[in-house]
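The values are calculated or read from the model by the stated rules, or taken from the named source; none is laboratory data. In this text the structure is predicted, and so the values were computed from the model without any measurement. Note: ideal-geometry Cβ built from the backbone for every residue, glycine included; neighbour counts use all protein chains shown. Surface areas here come from the heavy atoms of the whole protein model, side chains and all, with no ligands, DNA or RNA. Shrake-Rupley method; radii C 1.70, N 1.55, O 1.52, S 1.80 Å.
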Amino acid sequence: MKIGVVVFPGSNCDHDCEHIFKDVLGQYVEMIWHKETLLAGLDAIVLPGGFSYGDYLRTGAIARFSPVMGAVKEFAKKGGMVLGICNGFQILLEAGLLPGAMLRNRSLHFICKDVSVKVENAATAFTSAYESGQVLKIPIAHADGNYYTDPVTLAAMQANAQIVLRYCTPEGKITPEANPNGSLDNIAGIINAEGNVLGMMPHPERCAEAVLGNDDGKLIFLSMLESLKGNKKELKMVGAG
Amino acid sequence: MGYVEDLNDARTKLADFFSILVRGEEVKAKIHVTLKQGILDPQGKAIEHALDSLGFKNVGHVRVGKYLELDVNETDRVKADAKVKAMCEKLLANTIIEEYRYELAG
């Protein structure tokens, strides 16, 4: 598979994502500078974490107008898989590819620690390798991860099972105490209604190798590869038919 | 050196004067962006608590926002107004969580 990792000025998890796909999972990775406007031959796109444009104005607010974002939107519109991690999630929100917005963490602190996150929907292209209800230990590192959306949108997302990941206790209970940043409904990750764009605040690329002590995040990337293989088969069948 | 600087200064002032005569006065905008009412403002809350601990009791509803100033590059106020509104909607405010207001001057 050919995975594109977008590099904005200020991205700092881009090479971690490259490392996981290339060295851990043996895929071809193309690093895409944010000035690119054509994305050809990619199977999936990752918007990595970091501090694009220094988080000026609002997180992701300026990155969403980067030249590459037009092509990312086109790619997503055609059903291409887009994964946004941390700052990548914030950019997807600002770009309108996912609903809602990020507020400053309830505590006002930049929080960098392992948290527990529950896979609420294991039937997505990004989570199919997990068990439904599985609890992951996964790090967060952000100051603006306090997810907000209006009640109507929240209800629609709940009804469509678009809330894919939620902060929980290590036992899997969804409680206010297990919510590190004040996110609405303990939201840690959401997917669009079409199921091809996922945004998540936790960093799966930082816990995807057993040698580093934790590989709970690896199945996000494996799920993506599995569903891409499935898609390719479907496409071939369409072509053959 | 002083003479040259004076001359350059005078030249700049003259150029400014004539450009205003030709183009009219440029509109400037002063823009305030704040979180919408009803949306928790954690910074506002922290400041409220700090004020309280400093003895400013019962200070309420502290809201923190952003203030922006800019030259609109427009002399027509109606056009400038439309431009500033578009800037706010497109980039300067995230209208899911924020509201904005602005004044035009010049």
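Answer yes or no as to whether A:V29 is more than 14 Å from chain B (Cβ to nearest Cβ) and open to solvent by less than 20 Å² (accessible area, probe 1.4 Å).
On the way: more than 14 Å from chain B (Cβ to nearest Cβ): yes; open to solvent by less than 20 Å² (accessible area, probe 1.4 Å): yes.
For A:V29, the condition - more than 14 Å from chain B (Cβ to nearest Cβ) and open to solvent by less than 20 Å² (accessible area, probe 1.4 Å) - is met.
Taking helices (runs of 4 or more DSSP H) that fall entirely within the range B:1-96, which contain at least 3 residues that are at pLDDT below 95 and under 15 Å from the mean Cα position of the chain (by Cα)?
On the way: elements: B:2-23, B:42-53, B:77-87.
Result: empty, no element qualifies.
Look through A:R166, A:R106 and report the one residue that is crowded, with 16+ Cβ neighbours inside 10 Å, more than 14 Å from every other protein chain (Cβ to nearest Cβ) and basic (K, R). Walk me through it before giving the result.
Details: A:R106 fails: more than 14 Å from every other protein chain (Cβ to nearest Cβ).
Of the residues listed, the single one that is crowded, with 16+ Cβ neighbours inside 10 Å, more than 14 Å from every other protein chain (Cβ to nearest Cβ) and basic (K, R) is A:R166.
Among the candidates A:G80, A:G54, A:G70, which residue alone is away from every other protein chain (no Cβ under 14 Å) and more than 22 Å from A:I191 (Cα to Cα)?
Working: A:G80 fails: more than 22 Å from A:I191 (Cα to Cα); A:G70 fails: more than 22 Å from A:I191 (Cα to Cα).
The conditions single out A:G54.
So, in the range A:133-191, of the ones that are of a type in the set (K, R) and in contact with a strand residue (DSSP E or B) (Cβ under 8 Å, 6 or more places away or on another chain), which residue ends up nearest to A:C13 (Cα to Cα)? I'd like the intermediate steps shown before the answer.
Within the range A:133-191, the first condition is being of a type in the set (K, R), and the residues that meet it are A:137, A:166, A:173.
Checking which are in contact with a strand residue (DSSP E or B) (Cβ under 8 Å, 6 or more places away or on another chain) leaves us with A:137, A:166.
Numbers: A:K137: 19, A:R166: 22 Å.
Ranking the qualifying residues of the range A:133-191, first place goes to A:K137.
Is one or more of the residues making up the range A:210-218 at pLDDT 95 or above, within 13 Å of A:L83 (Cβ to Cβ) and surrounded by 22 or more Cβ atoms within 10 Å (Cβ to Cβ)?
Step one: of the range A:210-218, the residues at pLDDT 95 or above are A:214-218.
Now narrow it down to the ones that are within 13 Å of A:L83 (Cβ to Cβ): A:217.
The next check asks that each one be surrounded by 22 or more Cβ atoms within 10 Å (Cβ to Cβ); those that pass are A:217.
Yes, the range A:210-218 contains a residue that is at pLDDT 95 or above, within 13 Å of A:L83 (Cβ to Cβ) and surrounded by 22 or more Cβ atoms within 10 Å (Cβ to Cβ).
Mind checking whether some residue in the range A:133-141 is free of Cβ contacts under 8 Å to residues at least 24 places away in the same chain and over 15 Å from the mean Cα position of the chain (by Cα)?
Restricting attention to the range A:133-141, the residues satisfying the condition of being free of Cβ contacts under 8 Å to residues at least 24 places away in the same chain are A:134.
Narrowing further to those that are over 15 Å from the mean Cα position of the chain (by Cα): A:134.
Yes, the range A:133-141 contains at least one residue that is free of Cβ contacts under 8 Å to residues at least 24 places away in the same chain and over 15 Å from the mean Cα position of the chain (by Cα).
Checking A:P9 against (1) more than 14 Å from chain B (Cβ to nearest Cβ); (2) in a loop (DSSP other than H, G, I, E, B); (3) under 16 Å from the mean Cα position of the chain (by Cα), which single condition isn't satisfied?
(3)
Looking only at residues that are assigned to a loop (DSSP other than H, G, I, E, B) and touching a Ser or Thr at 6+ places or on another chain (Cβ under 6 Å) in the range A:32-86, which one is farthest from A:N181 (Cα to Cα)? Can you show your working first?
First pass over the range A:32-86, keeping only residues assigned to a loop (DSSP other than H, G, I, E, B): A:34-43, A:48-49, A:51, A:56-62, A:66, A:78-80, A:86.
The next check asks that each one be touching a Ser or Thr at 6+ places or on another chain (Cβ under 6 Å); those that pass are A:34, A:48.
Details: A:H34: 29, A:P48: 20 Å.
Filtering first and then ranking leaves A:H34.
Taking the range A:142-163, which residues are in a strand (DSSP E or B) and either within 14 Å of another protein chain (Cβ to nearest Cβ) or without any contact (Cβ under 8 Å) to a residue 12 or more places away in the chain (or both)? Even if it seems obvious, please write down each step before you answer.
Of the residues in the range A:142-163, the ones in a strand (DSSP E or B) are A:142, A:146-148, A:163.
Scanning the range A:142-163 gives A:H142, A:N146, A:Y147, A:Y148.
Assuming A:P99 fulfils every condition listed in (1) surrounded by fewer than 24 Cβ atoms within 10 Å (Cβ to Cβ); (2) under 19 Å from A:F221 (Cβ atoms) apart from one, which condition is it?
(2)
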